[in-house]
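**Student:** One structure, pasted below without further comment.
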């Protein structure tokens, strides 16, 4: 494994936990982010915007490898231009700076969203089929890395596609955080029958998978999906959260045909007020859309998921109870 890393998005959730894992292996970690005050212990931190060529040139100077985690990913309040600026143009600028500096090792955190939703499990070679600007901009960024691997015979490029990353300390704007928070505060109503399949990536498992793959990097392009197994239905996911919170899950649900029009009114209110309401038509549609992906490739190479889905969810709910609600209820499995 390389010894000096540039970690973009260093103030973000994943990077905050990846940095100490790298340092535990004796690596030097330089962080860059346009947001200040990174939580991770870094050897050096550079504050700035990756679309700026001078900033990128300074950041990549003297590094052995780049771990590119910086991204725009919010599901509300961002324009298409903002997604493409942060996910594509920043990546383009970073790659050009890295090539000038002679960087050959690259790890890019992409997303399963580049392949779009599916009820049947999609493997890495399923092809791009994004349905929203986040996935589309990430797909184009992947294309830049593919071109880099083709043009530089020395390049080792690893692309990792996670899905719905969560765990203790997850930010409030992430899917699982919102779901746990809504259930705990009695603001959740099951919309739809709950049979959509939802792939998720528990943070500890994703970090282990990342380090596992980084130790096996080869020249050329390597692309891997990482999601936890087995995939859960929304009904199972919701029921487990209720159980871990010590609550009883309701036995009824609201049909999607009823909830959809109501959510569109919320969208109108959000547009008028600029407020990010918890219920939007897009979030309801997303909740009822299967996102099922096949991560058997990494498992065939020997990776074993260290934390089960059930234990991962239990730990996350426990964290919410202790740190978000100051209510350490007993959590029974």
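Okay, residues lined up against (1) out of contact with any helix residue (DSSP H, G or I) (no Cβ under 8 Å at 6 or more places or on another chain); (2) in a strand (DSSP E or B); (3) farther than 19 Å from residue 179 by Cα:
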{"residue": "193", "(1), (2), (3)": "no, no, no"}
{"residue": "206", "(1), (2), (3)": "no, no, yes"}
{"residue": "210", "(1), (2), (3)": "no, no, yes"}
{"residue": "213", "(1), (2), (3)": "no, no, yes"}
{"residue": "216", "(1), (2), (3)": "yes, no, yes"}
{"residue": "236", "(1), (2), (3)": "yes, no, no"}
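**Student:** Additional query: Taking the condition of being at pLDDT 80 or above, surrounded by fewer than 17 Cβ atoms within 10 Å (Cβ to Cβ) and part of a helix (DSSP H, G or I), how many residues in region 266-305 meet it?
**Tutor:** Summing the residues that are at pLDDT 80 or above, surrounded by fewer than 17 Cβ atoms within 10 Å (Cβ to Cβ) and part of a helix (DSSP H, G or I) in region 266-305 gives 4.
**Student:** Quick check, is residue 331 outside any helix (DSSP H, G or I), farther than 30 Å from residue 158 by Cβ, modelled with pLDDT under 70 and over 24 Å from the mean Cα position of the chain (by Cα)?
**Tutor:** yes
**Student:** Can we say residue 263 is modelled with pLDDT under 70, touching a strand residue (DSSP E or B) at 6+ places or on another chain (Cβ under 8 Å), surrounded by 15 or more Cβ atoms within 10 Å (Cβ to Cβ) and not in a loop (DSSP other than H, G, I, E, B)?
**Tutor:** no
**Student:** Give me the pairs, please: first residue somewhere in region 183-206 and on the phi > 0 side of the Ramachandran plot, second residue anywhere and surrounded by fewer than 18 Cβ atoms within 10 Å (Cβ to Cβ) and in a strand (DSSP E or B), beta-carbon distance under 8 Å, and either six or more positions apart or on two chains.
**Tutor:** 192/254; 194/233
**Student:** Okay, moving on. Consider residue 52 carefully, then state whether it is closer than 30 Å to residue 130 by Cα, modelled with pLDDT of 95 or more and within 21 Å of the chain's Cα centre (by Cα).
**Tutor:** no
**Student:** Can you pull out the residues in region 148-161 that are exposed (fewer than 13 other Cβ atoms within 10 Å of the Cβ) and either part of a helix (DSSP H, G or I) or without any contact (Cβ under 8 Å) to a residue 12 or more places away in the chain (or both)?
**Tutor:** Those that are exposed (fewer than 13 other Cβ atoms within 10 Å of the Cβ) and either part of a helix (DSSP H, G or I) or without any contact (Cβ under 8 Å) to a residue 12 or more places away in the chain (or both): 150, 151.
**Student:** Say we look at region 63-109 and pick out the residues that are assigned to a loop (DSSP other than H, G, I, E, B) and at pLDDT below 95; which of these is nearest to residue 52 (Cα to Cα)?
**Tutor:** Residues of region 63-109 assigned to a loop (DSSP other than H, G, I, E, B): 63-64, 69-79, 102-104.
Right, trim to at pLDDT below 95 and you get 72-79.
Working: 72: 16, 73: 20, 74: 22, 75: 25, 76: 25, 77: 23, 78: 20, 79: 20 Å.
Checked region 63-109; the qualifying residue nearest to residue 52 (Cα to Cα) is 72.
**Student:** Please determine whether any residue of region 32-50 is outside any loop (DSSP other than H, G, I, E, B) and buried (at least 20 other Cβ atoms within 10 Å of the Cβ).
**Tutor:** Within region 32-50 (the criterion being outside any loop (DSSP other than H, G, I, E, B) and buried (at least 20 other Cβ atoms within 10 Å of the Cβ)), the answer is yes, since at least one residue qualifies.
**Student:** Does region 110-118 contain any residue that is without any contact (Cβ under 8 Å) to a residue 60 or more places away in the chain, outside any helix (DSSP H, G or I) and out of contact with any strand residue (DSSP E or B) (no Cβ under 7 Å at 6 or more places or on another chain)?
**Tutor:** Yes, region 110-118 contains a residue that is without any contact (Cβ under 8 Å) to a residue 60 or more places away in the chain, outside any helix (DSSP H, G or I) and out of contact with any strand residue (DSSP E or B) (no Cβ under 7 Å at 6 or more places or on another chain).
**Student:** Pairs under 6 Å by beta carbon, first residue on the phi > 0 side of the Ramachandran plot and in contact (Cβ under 8 Å) with a residue 40 or more places away in the chain in region 85-108, partner surrounded by 19 or more Cβ atoms within 10 Å (Cβ to Cβ) and in a helix (DSSP H, G or I), six or more apart or different chains?
**Tutor:** none
**Student:** Right, another one. Looking for whichever is in contact (Cβ under 8 Å) with a residue 24 or more places away in the chain, within 19 Å of residue 317 (Cβ to Cβ) and surrounded by fewer than 20 Cβ atoms within 10 Å (Cβ to Cβ) here; the options are 218, 243, 229. Which one fits? Break it down into steps so the answer makes sense when it comes.
**Tutor:** Working: 218 fails: within 19 Å of residue 317 (Cβ to Cβ); 229 fails: within 19 Å of residue 317 (Cβ to Cβ).
Just a single option satisfies the conditions, and that option is 243.
The values are calculated or read from the model by the stated rules, or taken from the named source; none is laboratory data. The shown structure was predicted, so the numbers you read here are calculated from the model rather than taken from an experiment. Because the Cβ atoms are built from the backbone with ideal geometry, glycine has one as well, and the counts that use them run over all protein chains shown.
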